[in-house]
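Comments concern the structure below.
The values are calculated or read from the model by the stated rules, or taken from the named source; none is laboratory data. Everything numeric here is computed off the predicted structure, so don't read it as measured data. For neighbour counting, all protein chains shown are included, and Cβ atoms are generated from backbone atoms with ideal geometry for every residue, glycine included.
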């Protein structure tokens, strides 16, 4: 009796090796069956659908939206505030994220044919952009707090030179937090990518050729356990809880200050702040809640059906979290009046450029006819 096993963890590969060794050492004469980790069929089906449709839409919308934000802030903003610089960095992080997403999806569904260096760069850049984007959002909330609550010290505290130092510090922190990703992601030929066969009396063993993958790999089970717990814990702490706490504290003070002001534009700004917080929580709270449960119960034995349900929930909520890179340009950019004005200017300039080229082409054609 044989069972096909498909997993994405090198820690499970270590367990599988031990199972095969234990069976090889035994001298039993009866038929044997290797029982491996759960196959997660439902999760795989859901992942296939999400990768084909939802992730494709995320990549397209995220690419277009963040490109517009980068062009607008880089070329059409003469005076750039601290918030403008932070938004530009968020757009860069989100753009790099959506560019890496198709390759990550392909690796998860199929294999990774591009080698070790590309594997580490892909996963490492994904992690760096995740941390930098979330920390930049926290910086924006602090900047809004200083601009509104401490308006009398506004220009002294918000010097542009400090802004570039803060952005550099955030990117360095993101790289440091991503070191485990750069170290432990490997390009290798997994044992769990094959159908593992155990010889019995009735049939001969067969072995299918594995494909190379880009996944975390560990030399021993203790390192695997440590990293498997530490990596999501760091992600939860610095890419969700820290930005969330900063946003709640800063924006609560901002809302209180704005509500006291009898000004239509101030009250409109309150709704913008609420939209920012609600969108962030809606996108990231479900995924991080499931990730927290998955981390806490990682080494608890669950029935395959229950484990499959939780892995499916993790896949779905992760896709919801990915949507934030599409909504960031809308929430932080398109809502602003100045941004919309500059965006209209982009399309006007493109239209004028197109008309000028059309006139030049017509003039050249007329000259050739004469």
| task | Looking only at region 41-59, decide whether some residue is surrounded by fewer than 17 Cβ atoms within 10 Å (Cβ to Cβ), under 23 Å from residue 329 (Cα atoms) and in contact with a helix residue (DSSP H, G or I) (Cβ under 6 Å, 6 or more places away or on another chain). | result | yes
| task | Report yes if residue 272 is out of contact with any strand residue (DSSP E or B) (no Cβ under 6 Å at 6 or more places or on another chain), surrounded by 19 or more Cβ atoms within 10 Å (Cβ to Cβ) and at pLDDT below 85, otherwise no. | result | no
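Residue-wise test of (1) assigned to a helix (DSSP H, G or I); (2) buried (at least 19 other Cβ atoms within 10 Å of the Cβ); (3) modelled with pLDDT of 55 or more.
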residue: 153; (1), (2), (3): yes, no, yes
residue: 163; (1), (2), (3): yes, yes, yes
residue: 173; (1), (2), (3): yes, no, yes
residue: 181; (1), (2), (3): yes, yes, yes
residue: 197; (1), (2), (3): no, no, no
residue: 200; (1), (2), (3): no, no, no
residue: 205; (1), (2), (3): no, no, no
residue: 211; (1), (2), (3): no, no, yes
residue: 223; (1), (2), (3): yes, no, yes
| remark: In the set 227, 249, 254, the lone residue that is over 27 Å from the mean Cα position of the chain (by Cα), modelled with pLDDT of 85 or more and on the phi < 0 side of the Ramachandran plot is 254
| query | Can you tell me which residues in region 289-313 are free of Cβ contacts under 8 Å to residues at least 60 places away in the same chain and crowded, with 18+ Cβ neighbours inside 10 Å? | reply | 290, 291, 313
| said: Which numbered condition in (1) at pLDDT 85 or above; (2) out of contact with any helix residue (DSSP H, G or I) (no Cβ under 7 Å at 6 or more places or on another chain) is the only one that residue 79 fails? | reply: (1)
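Yes/no per residue for (1) modelled with pLDDT under 90; (2) surrounded by fewer than 17 Cβ atoms within 10 Å (Cβ to Cβ); (3) under 16 Å from the mean Cα position of the chain (by Cα):
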site	(1), (2), (3)
92	no, no, yes
109	yes, yes, no
120	no, no, yes
129	no, no, yes
136	no, no, yes
144	yes, no, no
